[in-house]
Amino acid sequence: MPDLVEQMYCSQQIHIPPTFPFILKQYAKAAIRTQPYDLLRWSASYFRAMAQGEEPPVKVRLEYPPLDTPSGLSPGYLKVLLKQIGNVKTVPAEVLHQKWQGICLNENALNEMLKLGGFSDDVDWLKFVAIAAGHLTKSLTQTMYLICELLTEEPEGGSDMIPFETFKELYIFLAELDCGSGDESEGENKEEVAEAEAGSPEATQEKSESEADETEEVKSATPKDGPNIPGIGPAVPDAQIQSVLKYLEYWAERQSGMVMPRNIHHFLCPSLDKVPVSE
């Protein structure tokens, strides 16, 4: 019977690649910082990216407290996507799906964002980032703050300035989207109905048949049935959009063509969000 002691392995018999401890340490630190929802699926994406010399799906730092959203998206994950995809004009939808899956986010949420932006095979990258940012905030103003933070080339802790032309393009894009709850439009419809009923035949006995038909049309009006995304909100009137851009362009001319969150925060800056009719 062979000697069992001779068959046992010892540390001198096991060959450990010299780079293995470093790779394992980096992987562990990346997993702790990123806190992926699915560790196995994320690990596959991580090592695939490392093997191909690509940017791995790793957050810069641990996000705390973690942001709870239906899509699983957070500012940290959005920064991961920006690092992975880079500074491009458009990105193939297939590539975006792959990167999205790599950080274990909700696939249905991605499809809804693409549908909202009207994107198909080629996705306008910065406009998609703007829509995604809108799903992480509670107002259009906060969304533009976040966009400045995401797209700035300044070091962390700076003013988060971005080119005015970039800000202008993304603000107009978001401001023209109608993603309000419909409550405001419903209130407006109720006011119109009340006004119409105040002058109805029952009240004055003098209303013509044509006016009664118009009243019936107002009564049949219903609030819109669309997405309710507070970070984008209802469509902003064109006059208000132009007022915002005129103000920010004034500062951009004095800041080498750049704008920053503190310009938006200034009390003289017109509201970026739609101003309610009551105001």
Cα-Cα pairs of the range 44-179 separated by more than 22 Å (percent): 36
Among Val58, Pro75, Thr90 - extreme Cα towards positive end, dipole of the range 25-97, charges at beta-carbon: Val58
Across Lys89/Lys274; Lys59/Lys274; Lys83/Lys115; Lys89/Lys138; Lys25/Lys115, pairs whose alpha-carbon gap is larger than 31 Å: Lys59/Lys274; Lys25/Lys115
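Any read-out appearing in this document is the output of simple, stated calculations on the displayed coordinates, not a laboratory observation. Keep in mind that this is a model prediction, so the values were computed, not measured. A quick note on method: Cβ atoms are made from the backbone with ideal geometry, for glycine too, and the neighbour counts reach across all protein chains shown.
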